[in-house]
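Let me begin by presenting the structure, written as structure tokens, before commenting on it.
Nothing in this text is a laboratory measurement; each read-out follows from the coordinates by a stated rule. This is a predicted model, so every value here is computed, not measured. Here Cβ is always computed from backbone atoms with ideal geometry, including for glycine, and neighbour counts include all displayed protein chains.
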Amino acid sequence: MAVAVKQWDARYFQMAFQVIFLFYGIMFLQWKAEWLQYSLYIGTALVLQWLCDTIISKKIVSPFHWSSGGWKSALISSLSLCLLLKTNDWSICILASALSVFSKYIFRINGKHVFNPSAFGIVATVLFTGNAWLSPGQWGSSVVIFFAVCCLGFIVVTRVQKLDITLAFLLTFAGLLFVRQVMYLNWPVDFFLQSVSTGSLLLFSFFMISDPRTAPNHAVARIIWAMLIAAVAFYFSAFKWMNSTPIFILVLMAPLVPLFDLLMKAKIFQWRAAVKESQQATINFIKRKRIYHG
Amino acid sequence: MKRKIISAALLLVFVSSDVFAFCGFYVSKADGTLKNKTSQVILVRDGERTVITMSNDFKGDVQDFAMVVPVPTVLKKSDIKVVEADLFQRLNDYSKPRLVEYYDDNPCEPRVLYENVLSGRVAGVSAQKESKSKNEDQERFKVKVEAEYTVGEYDIVILSAEESTGLYKWLTANKYKIPKGADEVLEPYIKSNMKFFVVKVNIEEQEELGFEQLRPLQIRFNSPKFMLPIRLGMANADGDQDMIVYAFTKNGRIESTNYRSVLMPTGKNIPLFVQKNFGSFYANLFQHQWEKENQSVSFVEYAWDVSPSNFMKCDPCVSEPPNFNDLKEAGVWWLGKDVYEEYVNEYNTNKTKNVFFTRLHVRYNRKAFAQDLVFQETPNKENFQARYIITHPATGNLTCSEGQNYLKELKERRKKEMSMLSQLTGKGYDDWDLVMDPELNRTIVDTSYQSIAVTESTPMKKTGTGKTVFLASMALLSVLTMVSIGRRGKNKE
């Protein structure tokens, strides 16, 4: 009995959801639609990714047989930039996209890139150009967004791997906020709810920190790492009054990942392997079902 | 015994409604959408330094005035200043939403012209009785009087407290009337290590100085906290309160980091008759947009580069843009003393002298605003103004064929203007307050609009909830579809 199951790469879902979020923002949250900027982010990332793939494989990669999966990563990174990074200068868009793509090739240790590409692009552009910014308030704190990001994010993350990074980060961060805001400072609970239901935090948890390629390989290391990011980000936001701290701390903490990998050995995450694994799981599931039904 | 009421200013107009004595001037008499509880604040910020100026148009007996403002540090006497009252009026006039007029030619070249103005809606802070500031019960209440000053017509006490019950008791013992629910907010502030800036009027000083109106108070401090403590003002607020923030920064617009920023709809063509009632139009527009955006938002009404090097400080200008003295008065310290010459004469590209102005309008209530307003400065230098356009029809003989075409187009245009009006304000022609002359108490719409209004269907009232529900279901639907496609796969045997 041969069973062939077609499983979709989780990255397709990620892209689709990012596009939904972008259109939601433009249509319902009154974001100014910066079509030129969006095309620059996406265009630059794809062209540079293609260039890098061509150089590395030492032959011209045909866009129609571009199988390495590089374009998916480039597209996801550039969609993140569309969602998060604000600027009034088109050259900043090109710079941010270029930094995202190049960071994958420049900062590499043991066959893994060190930084989350879009987080690196965002942080470097904000810090070094002074002409770009993040708008943590752009999502508001509406329940609908909370619900949507959680649902959609949940699907993406569970299809890739366990929810471990996301939950470790989110629970630690929310837990610390709860202790500080409600238990210590005695703010009413809705004060706390507004802090945790903000779209920026949820998007970060489900779509950025969850990136399996830039997290430690070992499961325990991943959880420690995510909790560490949450704790440091919480400290800077609660006591130093800084904004958008999770994304900055994610980049700051990225160099710890190779260290974790060195101390705690485990397999490197591969997108293709993940797809195969989930295919295998489905096959097994179907087989079992058939056996059960006789 | 008379009791003091603490009104927390800085937005913190706590104030029991019967004592609240606001007499701001605004246009609409009849509609309940205009809020007279509007406070105005000037925020100047660079690095960790903040200067806050709080308007004070308290109109009752000055003896009744008191306010409490949470501040991050103990202020020195030199950090507190009284500024001229008309500063707020000037900033408001400069930055308020504007109506511009165009004239159609008989059917030829168009010409541009002028501005009409929404009357500023401004607001108050109130009320309390008696002046007595001695504090004998520090130990008992665990409240420490950090400093006491008299600045201008004000007596100021800066308190720090260890616990809210102590502060509450101290304030009560000192005959301040604390509204119910205030202590739920006092405790978080105390634990966040905030101090309390308590102000009342020194009657003798006030008489000596001879100012009839209470002047705005300005405070400055260094702190990473870039926020406005609106929560204290909501302690007993039953309704919505408005706040206008005028911000001056070096690099670009400020925006809230914990609430959504929304640009006011701008550049819209609206019916001619709005001219007679622009204040009411804007009040309706604001209320409608605020509800549409689910309330928890801050609106940008104006943003402009007012740097010395920028010659065009508004377009069109409704009133004089803030000049060097206004900026200094508002607390823009980085201009220095010597730049006046440069400011008025020369093209000055010195970046350290840049000033960017943002006007935010927030309508808040306890339910939609659980947190204080926290801000950040962005490098966004894009200018913005809330601007609405009316077009006067051509006059004279229009019997020629172009004239006839023009009349047809005019009718189409007016239909669009009408539907834009209902889209912006959520109200149609039938809503009398937009089409009535508030003074003459009669309809002011010319008949051409009336005939359109009859044929046009009444506008549908869209709410933000409908949209969100729609989108949420869209999103879920797409997810389910994708999941099912993914799951189904291709099974071959």
Tensor-based shape of the stretch A:11-149 (alpha-carbon gyration tensor, a/c under 1.5 rounded, otherwise prolate or oblate)
prolate
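Could you sort the peptides A:76-85, A:247-256 by per-residue average Cβ neighbour count (10 Å cutoff), highest mean leading? If you can, show how the numbers build up before the last one.
Details: A:76-85: 25.4, A:247-256: 19.8.
Output ranking for A:76-85, A:247-256: A:76-85, A:247-256.
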For labels at B:Thr172 and B:Glu146 in the simple 7 Å Cα→Cβ model, what's the distance in nm?
2.5 nm
Distance check, please: which entries in B:Lys96/B:Lys268; A:Lys112/A:Lys265; B:Lys225/B:Lys367; A:Lys32/B:Lys250; B:Lys77/B:Lys195; B:Lys313/B:Lys353 exceed 19 angstrom between their Cα atoms?
B:Lys225/B:Lys367; A:Lys32/B:Lys250
Estimated vicinal HN-Hα couplings, Hz - the stretch B:84-89 in sequence order (Karplus 6.51, -1.76, 1.60; Gly, Pro = x)
5, 5, 6, 4, 5, 4
How many nm is it between the label spots at B:Lys411 and B:Asn365, if each spot is 7 Å from the Cα in line with the beta carbon?
4.3 nm
Karplus-derived 3J(HN,Hα) from phi for the stretch B:39-48 (6.51 cos²θ - 1.76 cosθ + 1.60, θ = phi - 60°), whole Hz, x at Gly and Pro, runs 10, 10, 9, 9, 10, 10, 9, 8, x, 9
Could you tell me whether the stretch B:216-274 comes out rounded, prolate or oblate from its Cα gyration tensor? Rule is a ≥ b ≥ c as square roots of the eigenvalues, rounded for a/c under 1.5, then prolate if a/b exceeds b/c, otherwise oblate.
oblate
Test of understanding: extend the Cα→C-beta vector of B:Asn383 to 7 Å, then name every residue of the stretch B:288-322 with backbone N under 20 Å from that spot.
B:300-322
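Trypsin sites (Lys or Arg not before Pro), restricted to the stretch B:159-264: which are DSSP loop and have at most 10 other Cβ atoms within 10 Å? Before the final figure, lay out each step's value.
On the way: sites: B:Lys169, B:Lys175, B:Lys177, B:Lys180, B:Lys191, B:Lys195, B:Lys200, B:Arg220, B:Lys225, B:Arg231, B:Lys250, B:Arg253, B:Arg260; in loops: B:Lys175, B:Lys180, B:Lys225, B:Arg231, B:Lys250, B:Arg253.
Counting only loop positions with at most 10 other Cβ atoms within 10 Å, the trypsin sites (Lys or Arg not before Pro) in the stretch B:159-264 are B:Lys180.
Can you pull out the trypsin sites (Lys or Arg not before Pro) in the stretch A:48-146 that DSSP calls coil and that have at most 15 other Cβ atoms within 10 Å?
Values: sites: A:Lys58, A:Lys59, A:Lys72, A:Lys86, A:Lys104, A:Arg108, A:Lys112; in loops: A:Lys58, A:Lys59.
Those satisfying the criteria are A:Lys58, A:Lys59.
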Tell me which residues come under 5 Å, amide H to amide H, from B:Thr257 once H is placed; ignore anything under 5 positions away on its chain.
B:Val374, B:Phe375, B:Gln376
If amide H atoms are modeled at 1.01 Å from N in the peptide plane, then the residues at a separation of 5 or more from B:Asp155, or on another chain, having amide H under 5 Å from its own are B:Lys200, B:Val201, B:Asn202
Taking H placed 1.01 Å from N in the peptide plane, check which residues at least 5 places from B:Leu263 or on another chain put their amide H under 5 Å from its amide H.
B:Val300
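Does the stretch B:51-97 come out rounded, prolate or oblate, given a ≥ b ≥ c as the square roots of the eigenvalues of its C-alpha gyration tensor, rounded meaning a/c under 1.5 and, failing that, prolate meaning a/b above b/c?
Working: a/c = 2.16, a/b = 1.29, b/c = 1.68.
The shape class here is oblate.
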With a cap of 16 neighbouring Cβ atoms within 10 Å, and only residues DSSP puts in a loop, list the chymotrypsin sites (Phe, Trp or Tyr not before Pro) found in the stretch B:196-273.
B:Phe211
